[in-house]
1. Search region B:175-201 for residues that are closer than 17 Å to B:VAL215 by Cα and in contact (Cβ under 8 Å) with a residue 40 or more places away in the chain and pair each with any residue that is within 9 Å of DNA strand C (Cβ to nearest atom) and of a type in the set (Asp, Glu) when their beta-carbon atoms are under 7 Å apart and the residues are at least 6 apart or on different chains.
2. Which of the residues spanning region B:142-170 are charged (D, E, K, R) and within 16 Å of DNA strand D (Cβ to nearest atom)?
3. Kindly indicate which of B:LEU7, B:LEU28, B:LEU88 is out of contact with any strand residue (DSSP E or B) (no Cβ under 7 Å at 6 or more places or on another chain) and closer than 19 Å to B:ALA123 by Cβ.
4. Filtering region A:92-137 down to residues that are in contact with a Phe, Trp or Tyr (Cβ under 9 Å, 6 or more places away or on another chain) and of a type in the set (Ser, Thr, Tyr), which residue is nearest to A:ASP19 (Cα to Cα)?
5. Confirm whether B:GLU40 is free of Cβ contacts under 8 Å to residues at least 60 places away in the same chain and of a type in the set (Asp, Glu).
6. Answer yes if at least one residue in region A:147-161 is within 16 Å of DNA strand C (Cβ to nearest atom), touching a strand residue (DSSP E or B) at 6+ places or on another chain (Cβ under 6 Å) and within 14 Å of chain B (Cβ to nearest Cβ), and no otherwise.
7. Would you point out the residue of region A:73-86, among those that are farther than 20 Å from A:ARG30 by Cα and within 9 Å of chain B (Cβ to nearest Cβ), that is nearest to DNA strand C (Cβ to nearest atom)?
8. Among the residues of region B:167-196, how many are of a type in the set (Ser, Thr, Tyr) and part of a helix (DSSP H, G or I)?
Protein chains: 2
Amino acid sequence: MPKPSPLTLKLSAFVALSDADLATLAGLDRRRRQFRAGHEMLHEGQTNASAFILARGWSCAFKLQPNGDRQIVNVQIPGDFLGLHSILFRTSDHSVEAVTPIEASELLASDILEAFSRAPRLASAVLWAASRDEAMVVEHLVNIGRRTAEQRMAHFLLELGARLKLVGIGDSTGFDCPLTQYHLADALGLSAVHVNRVLRQLREADLVRFQHGRVVFGDFGRMAALAGFDMAYLDQDHPLLR
Amino acid sequence: MPKPSPLTLKLSAFVALSDADLATLAGLDRRRRQFRAGHEMLHEGQTNASAFILARGWSCAFKLQPNGDRQIVNVQIPGDFLGLHSILFRTSDHSVEAVTPIEASELLASDILEAFSRAPRLASAVLWAASRDEAMVVEHLVNIGRRTAEQRMAHFLLELGARLKLVGIGDSTGFDCPLTQYHLADALGLSAVHVNRVLRQLREADLVRFQHGRVVFGDFGRMAALAGFDMAYLDQDHPLLR
DNA sequence: CGTGGCCTTGAGCGCACTCAACTGATGTGG
DNA sequence: CCACATCAGTTGAGTGCGCTCAAGGCCACG
């Protein structure tokens, strides 16, 4: 039996999938494509773009401001949908950039519709994943709106760690992280300079250290308390539909 | 022919609905319920909650912080779904409060599933509405992460005005708005005191005035430029599916 | 006529910003 | 092989936006 894909792992935490469902899901994995790090896979305002399922590597969704500032909306890891919005709407409302070299399966609107009609359970699973994505954006909103820089950083790293663990990357001690401090700044609504200072504070408090592309957790509990982190919105104890 | 409901108006801007679709949609409007202003219709962490379609009045979705701060995630107006998340997940990830007296139709998970199987077009319309809601949250995120207080306020009022116009409330000169300055503060990640100052600045610049429960636009174009407002994410020129 | 909700304004403070300079690692062409 | 460029990270100095605290005004309502 082959190793389950990150997407399968994630959806299975939500819905118990039959062999037929799994086969249909695997059928979405034709049309593999590769992108180099830094490539802009989707442009804000682009029409008739396709969507992707991320198989390997990291990407991020962002919007640009007239003055050049950018806000990263979402950091995407293996198993995530990417640009689902742009096949439901006529134009894409955000851009997507490959953070690392990327391997992803291209997805057309027709693929989705066909898969849904063949495996309705899969439809609820995908709707569920979309709803979870929205919950993450909401949590991100609260993060930026109502928390200090230190809390934002702590919350961001905790959430990322939890998400990676769910798709079988990294463990409870930490994870490899290809994001630069500039990415963190754009994601958290901070300046890169301040990100640097905040990371130093967290390191000196022995909460977490982020150096040389690796995040290592120090005191998980104290950090979760600091950030007000509760991973209920990410995970279910057991599948809802059996 | 009866006046179309706000939800029908909104969905019709997206998808051309057949008479059968419209009938199914109308069938979701049984179980009318009423709530008084200030009532908390949904609690964060609540299990097995129902969802609602808002027919009359305003509500808002929010999350509370341990220290008592709250972040309003979404202001809901007639035609909006309310708590759709809580029937897809086991527990609700946010609370919802009635801002004004409210009239809404209660919605069970079974209602949705049944309606979808009877009118698949309706399913895509609802998925579409959900995707639009997410786009609004994303825009809200950008608002708080990367704009000044003055820009946030301008953007917020412009978006609200545009949304209300789409469901047939208010016009291009302005709209009645039951939100207090405290609501605005909680929505925009500002303090109530600062909201007051910002409203004064906007008023003195003849951009917009918000007094006595009414928002009156002064210079729409200059305001949109200030806020970086582009309503592409709210509206389609014409229905996508015919 | 008192009370409570909402709005308004002033004074002072602090978190996160900008500007600026420097380190160190990596890569590239003469 | 070294000169140079580039990019990520680090640290210091000074500034300003939006905060808190405090006081008071206005209006609706019992």
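The values are calculated or read from the model by the stated rules, or taken from the named source; none is laboratory data. Here the structure is a predicted model, which means the values were calculated and not measured. Cβ: placed from backbone, ideal geometry, glycine included. Neighbour counts: every protein chain shown.
1. Going by the 7 Å Cβ cut-off, there are no qualifying pairs.
2. Answer for region B:142-170, where residues must be charged (D, E, K, R) and within 16 Å of DNA strand D (Cβ to nearest atom): B:ARG146, B:ARG147, B:GLU150, B:ARG152.
3. Answer to the selection: B:LEU88.
4. So, considering only residues that are in contact with a Phe, Trp or Tyr (Cβ under 9 Å, 6 or more places away or on another chain) and of a type in the set (Ser, Thr, Tyr), the one nearest to A:ASP19 (Cα to Cα) is A:SER124.
5. Criteria met by B:GLU40.
6. No - not one qualifying residue is present in region A:147-161.
7. A:VAL73
8. 1
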